[in-house]
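Reading through the structure tokens given below for one structure.
Since every read-out is calculated from the coordinates, none of them should be taken as a lab result. Computed from a predicted model, the values in this text were never measured in an experiment. When we count neighbours, we look across all protein chains shown, and the Cβ atoms used for this are built from the backbone with ideal geometry, even at glycine.
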Amino acid sequence: MYLGLDTTLPLNVHTVLFPSDFRSHMDKIMRQRIIPEDLSIHITYPTAVDKTMAPKDMSTLRILVPVPNNNSTIDWKKESSAMRQLVLKNY
């Protein structure tokens, strides 16, 4: 997910948010092939080191969330909106 923000944030270039139970989280992704409720999130904030990535007093974010691969039965056309909301809720 790519975001343009009309503000700046007190973040480093890379921030990783881990779920409370990482082992269970990875089991859901890799074996059960379902979307866990408690996400791991990797945030890239390039504006922290390169102010040319956004206009003055604005910033950009890239949010990467590990999910099951395409061998899962997840219908991403149906689930993408709910997934987007889950990411924003967790962040």
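Are any of the residues in region 50-72 surrounded by fewer than 12 Cβ atoms within 10 Å (Cβ to Cβ), out of contact with any Pro (no Cβ under 7 Å at 6 or more places or on another chain) and hydrophobic (A, V, I, L, M, F, W, C)? No: region 50-72 contains no residue that is surrounded by fewer than 12 Cβ atoms within 10 Å (Cβ to Cβ), out of contact with any Pro (no Cβ under 7 Å at 6 or more places or on another chain) and hydrophobic (A, V, I, L, M, F, W, C). Among the residues of region 47-64, those identified as more than 28 Å from SER20 (Cβ to Cβ) and either in contact (Cβ under 8 Å) with a residue 60 or more places away in the chain or of a type outside the set (Ser, Thr, Tyr) (or both) are VAL49, ASP50, LYS51, MET53, ALA54, PRO55, LYS56, ASP57, MET58. Of all residues in region 26-66, those satisfying the criterion of being touching a helix residue (DSSP H, G or I) at 6+ places or on another chain (Cβ under 7 Å), closer than 16 Å to VAL87 by Cβ and of a type outside the set (Val, Ile, Thr) are PRO36, ASP38, LEU39, SER40, PRO66. Taking SER24 as the residue in question, decide whether it is in a loop (DSSP other than H, G, I, E, B), in contact (Cβ under 8 Å) with a residue 12 or more places away in the chain, among the hydroxyl-bearing types (Ser, Thr, Tyr) and out of contact with any strand residue (DSSP E or B) (no Cβ under 7 Å at 6 or more places or on another chain). No: the conditions fail for SER24. Within region 65-86, the set of residues being without any contact (Cβ under 8 Å) to a residue 24 or more places away in the chain and hydrophobic (A, V, I, L, M, F, W, C) comprises TRP76, ALA82. VAL16 falls short on exactly one of the conditions (1) part of a helix (DSSP H, G or I); (2) loosely packed, with under 12 Cβ neighbours inside 10 Å; (3) within 18 Å of the chain's Cα centre (by Cα), and that condition is (1).
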